[in-house]
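The values are calculated or read from the model by the stated rules, or taken from the named source; none is laboratory data. The structure displayed is predicted, hence computed values, not measured ones. Here the Cβ is made from the backbone with ideal geometry for all residues, glycine too, and neighbour counts use every protein chain on show.
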Amino acid sequence: MKISAIALGAGAMLAASPALARDHVLLDAGKAPANQTITSKSLGVKSATPFTVTTKTLHGGRQEGVMLVEIDTGAMKITVVPTRGMNVLQAVAGDVRLGWHSPVKEVVNPSFIELTGRNGLGWLEGFNELVTRCGYEWVGHPGKDTDGTLLTLHGLAANIPASKVVLSVDEKPPYTIRLKGLLREQAFKKVDYVIETELNTVPGATAFTVHDKLTNQGDYPKEYQALYHSNFGAPLLEKDAKFAAPVREVSPFNDYAKQDLATWQTYRGPTSGYDETVYNVFPYGDADGNTLAVLHNAAGQLGVSLAFNVNQLPAFSLWKNTDTEKQGYVTGLEPGTSFSYNRKYQRDLKLVPTIGPKESREFQITYTLLDSKAKVDAALKRVETIQDGRKTTVRETPLAVPKPE
Amino acid sequence: MKISAIALGAGAMLAASPALARDHVLLDAGKAPANQTITSKSLGVKSATPFTVTTKTLHGGRQEGVMLVEIDTGAMKITVVPTRGMNVLQAVAGDVRLGWHSPVKEVVNPSFIELTGRNGLGWLEGFNELVTRCGYEWVGHPGKDTDGTLLTLHGLAANIPASKVVLSVDEKPPYTIRLKGLLREQAFKKVDYVIETELNTVPGATAFTVHDKLTNQGDYPKEYQALYHSNFGAPLLEKDAKFAAPVREVSPFNDYAKQDLATWQTYRGPTSGYDETVYNVFPYGDADGNTLAVLHNAAGQLGVSLAFNVNQLPAFSLWKNTDTEKQGYVTGLEPGTSFSYNRKYQRDLKLVPTIGPKESREFQITYTLLDSKAKVDAALKRVETIQDGRKTTVRETPLAVPKPE
Amino acid sequence: MKISAIALGAGAMLAASPALARDHVLLDAGKAPANQTITSKSLGVKSATPFTVTTKTLHGGRQEGVMLVEIDTGAMKITVVPTRGMNVLQAVAGDVRLGWHSPVKEVVNPSFIELTGRNGLGWLEGFNELVTRCGYEWVGHPGKDTDGTLLTLHGLAANIPASKVVLSVDEKPPYTIRLKGLLREQAFKKVDYVIETELNTVPGATAFTVHDKLTNQGDYPKEYQALYHSNFGAPLLEKDAKFAAPVREVSPFNDYAKQDLATWQTYRGPTSGYDETVYNVFPYGDADGNTLAVLHNAAGQLGVSLAFNVNQLPAFSLWKNTDTEKQGYVTGLEPGTSFSYNRKYQRDLKLVPTIGPKESREFQITYTLLDSKAKVDAALKRVETIQDGRKTTVRETPLAVPKPE
């Protein structure tokens, strides 16, 4: 349905043209990042809740030149970082901030990151987002792949700046706001992936969807892996906060995680010396593969849900980094094609899928703020419905035992 | 000969000053890259064919901040990338494009490249040019040098941004257009090279010359290597396209290349699973060392020639990457001081020359489009004249056999 | 004492406001680097000697985007590089330049440096300053730490761009000029250091003080190391130039340095093939730990002194790189917490201190130009006073003997 220029009045005639009301290029080869503000009004969009999209460029330190796009739905301010793989820095609704507090305080421009640094842990010098894309050639811990090549932590995606960023607003209700960013993960002889990322939301929403399409543009089938490192600190995370999902199998990532296996769905408060425990989860989906993971606070009246599909993202890592506040008190809910072992350990687990020439894979996750007991309860009910009484296997031993390098 | 202000008319009086008609600084310490257009008219140059030089800066993705300079001779548009070692991205004459289609679609800013990545193959994340400078400390495959230092693929030059870029147009016919760029390859204790690069052409030409001067500014003799990775895809490259040069010796780069040794001068069409074969060639030169390498299509009416001097560039690699289109169907004609083995394997071959303190070495290659059967035939005739009936040695075994690392 | 607007006259009323007369933000997240000139007059500062602070951004080559701040005290022009860890590039007083001539001619933007390159010697591609910060996680030669992690040469600090740069001028005499820059050395799980750097000087001075405060923002104690690589070439350094300090113990850094141990305080002229000798010095301090290191020319009428405190910086490296001019004829006077061995060799020497959670460490060095025989003599006298007849131990063997990797 086209927006009627007449209905919108004379002032909206220009805005009613598809070029303005639909695609608004924020960045591309010929368009430099610029500080700007776009509003539902300036776009001529008649949504019940006005919304605003703001772009800005950061300066100083390792964040020199970093572009941010903030989508204010009217109820939630979602900040996306085109310069860092279209990662989602944070989403703030009132006094609730989805995100966490990393020791990394800047939004780091990949031009200052050496992924090979720290023996392949250089990625940690930029890690501080709510949603960090991991992939798409590989994910997982650094180490030498079978052929001897050093794979750096969690792949390149989070450190690839988006080539083209477009704001696109649907012309009909609910006037979905789409922020699209194109990532190119390309190396002669090695890989020719493009990832068409999209973050969408609607005016007035306290939820958003990440919808990515990975395409192998090459002529050969290639291995790929994806993992959406979705990270939450306080106020959702706290002592006795809980995780829920329909679980087919859970196992400790390593020997250290065995210790808390009995209570793997409950969180500790900030705990000195805890470091992290990780649990490898295979969730159940419903008949269509749809599933839901929920994190909520101790009182059960504040939480977040991640809705995704196990046919797209069958492996789910629960990363419990309940160390001290300043060390980064955080949990990661990480739907993926794979777990966080180095790629070489995941082939035997059948968690290194391939993508054929010209084929695409889609990954979709909807993040929803649960800001009342009713909403948390409804989400937990949905988890139970998907579980549908099916058995949860608790595997006592890790799926893989990496050797020291 | 000074251009006469009177002859050019009043409007050209300003242009007739040396500052405008001769050196036009496009980039230096005090001058930021800027989008601009310079024409023969604006320079007051009275060439029969008008020409245009355009600079622009790319944005988005890994090409953020990359500067391009396009010289449109009136007959060919030659694009140079100051940010990437003054490499030549492409040269387009009518519907013929000299260059190739790499999976790497962006013109990648070296600030986003980790050469040490992918075990020293990080260079491949930016490789997509018509002419890519390799050198000057080393060229060749990645691997540990004799002293244990990891040498990354093909050296640093292609990922060194030019410090100063000057457009200089000769004041007298043929009004040669010179684009000069200074590269600094410098590291305390290690190297103090400056490379004064020049790409020159003339109004109306479908040819250009790369003319570089490497100077060792240091007080010690140093090893150096140079290789001009000159890359061509369709329409020159196709099934039954041919390579010709006056050849003193040819040998397969490795065991894999032995298979096609009998037909090393003929190309396959795009071939799935082919990867690449490489042939190490020592060309003959004429009495002055001048030689010519020719690539032409199957019909022999479209081609390119590279004129260079074997005293400057004695080793020539023929890189036949006739894999599929999307994998990068391309051949490299690569005049060099050296072949593409890791430096440690080339010392015994006497292909790691040294350059004394304050000494310079010049490298000059003229690239000429051959856009008719007559031009191709003339070039092949020239090859034959240089060969002059001298014997070609076909060596069956590779010159070096690198060990796996 | 507030500057009186009345005393300064109407024109100074604005300048008398704290915002202008005190803190002047030159760079932060919301403020891009810009070319500007700030003068004592524009600030409304009534210093006897007018001063000027100039900022500019460099372009081209590997220095694209580098910010410089030059403080001209009226008697000395001090150039600071915010983009490179607030390093001091040079200090020029009349025809005397404190600094040196490295083969590295550009002021290199860290975005173009791979510290892991050249087996961890990538740092050398940017090294050319008068004062280069080394640290703060580690200093020293590259190599694998005890846990196998490659530590690159001299740590990250010199290649961390300052996040926030503020010019602050005291409102009362001597109207101290302070250039403050915040460095963030942060990596999730690894380190959470902030370094509040300050360079201060006064109008008319030919001296400046570097005053840094390192804070461990994390919740765990961490190892740290600091070393202020302070480098001088001609005209201070020349044949028979001398070094003086109150010395408790001196030893050769390695076997090679044994050769010149007898004359370790005297310099050679430029010497082909010399490379470098390094001496590890433990200076004496006075009752408060204050000490002084002096470098002066052969005639003893031109020199520099470094005043620091051995409680902050107990280990002092004397780096004698008296190789040829073009190789970089230079000596480093390097007060530090540590010497230049890889960190793993310094733990046994008790030269890898730790810093507790929320703790800070301060490092302060005053660099003073000695531009007369009287000033040199006074400095030498001060050295003698601190030595106070105490014994100097000359240790013949190196403190550590690193193994080849």
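Summary of computed values
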item	result
Residues of the stretch B:77-112 satisfying the condition of being within 13 Å of residue B:162 (Cα to Cα), part of a strand (DSSP E or B) and either of a type outside the set (A, V, I, L, M) or within 11 Å of another protein chain (Cβ to nearest Cβ) (or both)	B:87
Lone unmet requirement of (1) within 14 Å of chain A (Cβ to nearest Cβ); (2) on the phi > 0 side of the Ramachandran plot for residue B:389	(1)
Residue that is away from every other protein chain (no Cβ under 14 Å) and over 22 Å from the mean Cα position of the chain (by Cα), where the choices are A:299, A:315, A:307	A:299
Set C:397, C:354, C:393: member being over 26 Å from residue C:305 (Cβ atoms), in contact with an Asp or Glu (Cβ under 7 Å, 6 or more places away or on another chain) and of a type in the set (S, T, N, Q)	C:354
Qualifying residues in the stretch C:22-31 (those that are closer than 22 Å to residue C:172 by Cα and either away from chain A (no Cβ under 13 Å) or not in a strand (DSSP E or B) (or both)) - the one modelled with the lowest pLDDT	C:22
Unmet requirement for residue B:194, which otherwise passes all of (1) under 27 Å from residue A:159 (Cα atoms); (2) among the aliphatic types (A, V, I, L, M); (3) within 14 Å of chain C (Cβ to nearest Cβ)	(1)
Any hit, the stretch C:349-359, residues being without any contact (Cβ under 8 Å) to a residue 12 or more places away in the chain, away from chain B (no Cβ under 14 Å) and of a type in the set (Lys, Arg)	yes
Listing of strands (runs of 3 or more DSSP E) fully contained in the stretch A:32-73 that carry 3 or more residues being farther than 23 Å from residue A:105 by Cα and away from chain C (no Cβ under 13 Å)	A:36-39
Residues of the stretch B:361-405 that turn out to be within 20 Å of the chain's Cα centre (by Cα), loosely packed, with under 15 Cβ neighbours inside 10 Å and of a type in the set (Lys, Arg), as a count	0
Qualifying positions in the stretch A:275-291 - hydroxyl-bearing (Ser, Thr, Tyr) and closer than 18 Å to residue A:337 by Cβ	A:279, A:284, A:291
Residue in the stretch A:120-136 that is within 14 Å of another protein chain (Cβ to nearest Cβ), over 14 Å from the mean Cα position of the chain (by Cα), more than 19 Å from residue B:112 (Cα to Cα) and modelled with pLDDT of 95 or more present	no
Residue A:143 being over 27 Å from residue B:59 (Cβ atoms) and out of contact with any helix residue (DSSP H, G or I) (no Cβ under 8 Å at 6 or more places or on another chain)	no
Hits in the stretch C:116-146 - residues which are more than 22 Å from residue C:100 (Cα to Cα) and in contact (Cβ under 8 Å) with a residue 60 or more places away in the chain	C:136, C:137, C:138, C:142, C:143, C:144, C:145, C:146
Positions within the stretch A:203-222 being surrounded by fewer than 20 Cβ atoms within 10 Å (Cβ to Cβ) and out of contact with any Gly (no Cβ under 7 Å at 6 or more places or on another chain), in sequence order	A:209, A:211, A:213, A:215, A:217, A:220, A:222
Entirely in the stretch A:126-201, the strands (runs of 3 or more DSSP E) that have 1 or more residues that are among the hydroxyl-bearing types (Ser, Thr, Tyr), buried (at least 24 other Cβ atoms within 10 Å of the Cβ) and touching a strand residue (DSSP E or B) at 6+ places or on another chain (Cβ under 6 Å)	A:131-136, A:191-201
Given (1) more than 7 Å from chain C (Cβ to nearest Cβ); (2) in contact with a helix residue (DSSP H, G or I) (Cβ under 7 Å, 6 or more places away or on another chain), index of the condition residue B:163 fails	(1)
Where a residue in the stretch B:147-160 is closer than 21 Å to residue B:108 by Cα and facing chain C (nearest Cβ under 9 Å) and its partner, wherever it lies, is part of a loop (DSSP other than H, G, I, E, B) and among the small types (Gly, Ala, Ser), with Cβ under 9 Å and at least six apart	B:156/B:85; B:159/B:85; B:159/B:126; B:160/B:85
Contacts under 6 angstrom Cβ, first residue in the stretch C:249-269 being under 18 Å from residue C:294 (Cα atoms), partner of a type in the set (S, T, N, Q) and assigned to a strand (DSSP E or B), 6 or more apart	C:249/C:393
Search result, residues across the stretch A:307-335 that are touching a helix residue (DSSP H, G or I) at 6+ places or on another chain (Cβ under 7 Å) and aromatic (Phe, Trp, Tyr)	none
Residue match in the stretch B:64-82 (condition: within 18 Å of the chain's Cα centre (by Cα), buried (at least 23 other Cβ atoms within 10 Å of the Cβ) and not hydrophobic (A, V, I, L, M, F, W, C))	yes
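This table checks each residue for (1) closer than 20 Å to residue B:211 by Cβ; (2) in contact with a Gly (Cβ under 7 Å, 6 or more places away or on another chain); (3) at pLDDT 95 or above.
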{"site": "B:63", "(1), (2), (3)": "no, no, yes"}
{"site": "B:67", "(1), (2), (3)": "no, no, yes"}
{"site": "B:70", "(1), (2), (3)": "yes, no, yes"}
{"site": "B:79", "(1), (2), (3)": "yes, no, yes"}
{"site": "B:88", "(1), (2), (3)": "yes, no, yes"}
{"site": "B:93", "(1), (2), (3)": "no, no, yes"}
{"site": "B:96", "(1), (2), (3)": "no, no, yes"}
{"site": "B:106", "(1), (2), (3)": "no, yes, yes"}
{"site": "B:109", "(1), (2), (3)": "no, yes, yes"}
